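The values are calculated or read from the model by the stated rules, or taken from the named source; none is laboratory data. Only a predicted model underlies this, so the values are computations on that prediction, with no experimental measurement involved. As a convention, Cβ positions derive from the backbone with ideal geometry for all residues, glycine included, and neighbour counts pool all protein chains shown.
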Amino acid sequence: MKRVVVGLSGGVDSSVAAYLLQKQGYEVIGLFMKNWHDDSVTISNECPWLEDSNDALLVAEKLGIPFQTVDLSEQYKEKIVDYMFNEYEKGRTPNPDVLCNREIKFDVFMKIALSLGADYVATGHYCRKTEIEVNGELIYQLKAGADGNKDQSYFLCQLSQEQLAKSLFPIGELTKPEVREIAAEMDLITAEKKDSQGLCFIGKVRLPEFLQQKLQPKEGVIIQIDKNDSIYDFEKKDDLSLEEELKLASKKLPYTPQMGKVVGKHQGAHYFTIGQRKGLNVGGTTDPLFIIATNVETNTIYTGLTSSHPGLFRKALRIEKDEVHWIRKDLALANGESKEFMVRIRYRQPLQKATLYQFEKEMYIAFDEPQSAITEGQFAAWYSDDELVGSGVIS
């Protein structure tokens with residue numbers, strides 16, 4: 001009997017994951033990760049982690065499995081929260097969920113599980129793991145969850161072969177309704193529980209308020225750029241190399257306040273992200289305003305009318321060489337190589353056709369169709385069919 005530690009989060013997905021493993025004959029232990037109790041950064045008056053850990057405990061009791069809580073708040077603050085503040089300060093938009101999986105659940109938490117004699121760590125992610133042999137070597141594949149609506153492979157895009165080797169995803173072949181049905185049949189307290197929103201394991205958090213506790217508000221202006229501005233008149237230069245062309249296509253446009261008109265004020269450019277529509281509090285425009293660029297140095301936000309504004313779209317993105325991560329190292333591109341993949345630049349975005357180009361110092365991803373709101377600090381993940389083979393931080 002192999003021993004599995006399940007990260008019981010107090011939600012329905014991890015509850016059913018634990019039950020299914022038990023049914024398959026594994027010896028199951030439930031661990032709840034407590035990742036936050038810093039009262040100096042208040043999150044809300046509710047205390048969701050207490051409620052969640054109680055639900056996790058009740059599920060463990062119902063299944064008759066050992067249960068304990070592990071306090072990872074120190075590591076979480078250092079590896080996730082501090083990183084987030086630093087990124088926002090630089091005007092980038094990090095993805096805490098991807099990082100939480102790489103740095104906490106499948107690293108710190110996994111080490112604790114293995115120290116308890118576990119053979120595997122299991123989570124309630126909607127994704128699948130399969131194995132193949134390449135040149136006599138066993139290789140793990142990370143595949144999309146069977147429920148296209150809930151596929152969470154994107155959040156695991158930074159995992160390594162070593163982490164996948166020790167991971168199990170028991171609900172990957174199921175749909176969300178099927179998972180709820182199993183929980184109801186088993187009379188688990190989490191059967192009807194709503195999915196948690198907000199930061200990975202911090203609980204019910206609204207980002208601007210969270211950030212305001214560390215990053216000081218400072219007033220700046222909101223500028224509206226006309227869609228017919230000359231900055232969007234791209235002249236095709238004939239004498240450029242492929243690398244120079246890609247560099248140009250992935251570059252941020254150099255907006256200045258003189259290009260547009262002031263339409264409002266904001267409390268800090270670092271609270272906002274590309275493509276954002278809500279929270280600008282600018283009235284009187286014919287159509288909704290979208291953020292097309294932010295500049296934290298000058299504390300300026302640039303906006304454009306409607307979701308089809310040219311300032312929202314780019315044909316390519318850039319990833320620095322040391323930020324390129326291949327889950328399938330055997331498929332990694334060498335310097336000078338290129339290959340077509342399906343790519344997404346955010347969770348739930350439909351996969352987009354693109355070509356990856358690996359150069360000496362960086363990788364470029366060129367899309368067949370221009371993409372809206374390519375955002376620095378977020379992850380681009382590339383797929384071959386339903387297999388996630390690599391990812392990288394957009395720079």
Notebook entry, point to check: Is it true that some residue in segment 118-130 is in a loop (DSSP other than H, G, I, E, B) and surrounded by fewer than 15 Cβ atoms within 10 Å (Cβ to Cβ)?
Noted result: no
Item checked: Subset of segment 97-155 (residues that are farther than 16 Å from ALA165 by Cα and among the aromatic types (Phe, Trp, Tyr)) -> TYR126, TYR154, PHE155
Next item on the list: Evaluate the following for ASP107: is it surrounded by fewer than 22 Cβ atoms within 10 Å (Cβ to Cβ), within 22 Å of ASN95 (Cβ to Cβ) and in contact with a Leu (Cβ under 9 Å, 6 or more places away or on another chain)?
Entry: no
Notebook entry, point to check: In segment 56-108, what residues are in contact with a helix residue (DSSP H, G or I) (Cβ under 8 Å, 6 or more places away or on another chain) and within 13 Å of LEU8 (Cα to Cα)?
Noted result: ALA56, VAL59, ALA60, LEU63, ILE65, PRO66, PHE67, THR69, VAL70
Note to self: Only one of ILE80, ILE139, ILE132, ILE104 is closer than 21 Å to ALA381 by Cβ, modelled with pLDDT under 90 and either in the same structural domain as GLN276 (by TED's automatic domain parsing) or β-branched (Val, Ile, Thr) (or both). Can you tell me which?
What the structure shows: ILE80
Notebook entry, point to check: Looking at this structure, is LEU312 hydrophobic (A, V, I, L, M, F, W, C), touching a residue at least 60 places away in the same chain (Cβ under 8 Å) and over 17 Å from GLY91 (Cα atoms)?
Noted result: no
Notebook entry, point to check: From the set of residues in segment 327-361 that are touching a residue at least 24 places away in the same chain (Cβ under 8 Å) and in a strand (DSSP E or B), which is surrounded by the fewest Cβ atoms within 10 Å (Cβ to Cβ)?
Noted result: MET342
Margin query: For segment 301-314, give me each residue that is buried (at least 20 other Cβ atoms within 10 Å of the Cβ) and more than 21 Å from the chain's Cα centre (by Cα).
Written below: ILE301, TYR302, THR303, GLY304, HIS309, GLY311
Item checked: Residues satisfying the stated conditions in segment 146-194, i.e. within 18 Å of LEU20 (Cβ to Cβ), part of a helix (DSSP H, G or I) and without any contact (Cβ under 8 Å) to a residue 40 or more places away in the chain -> PRO177, GLU178, GLU181, ALA184, GLU185
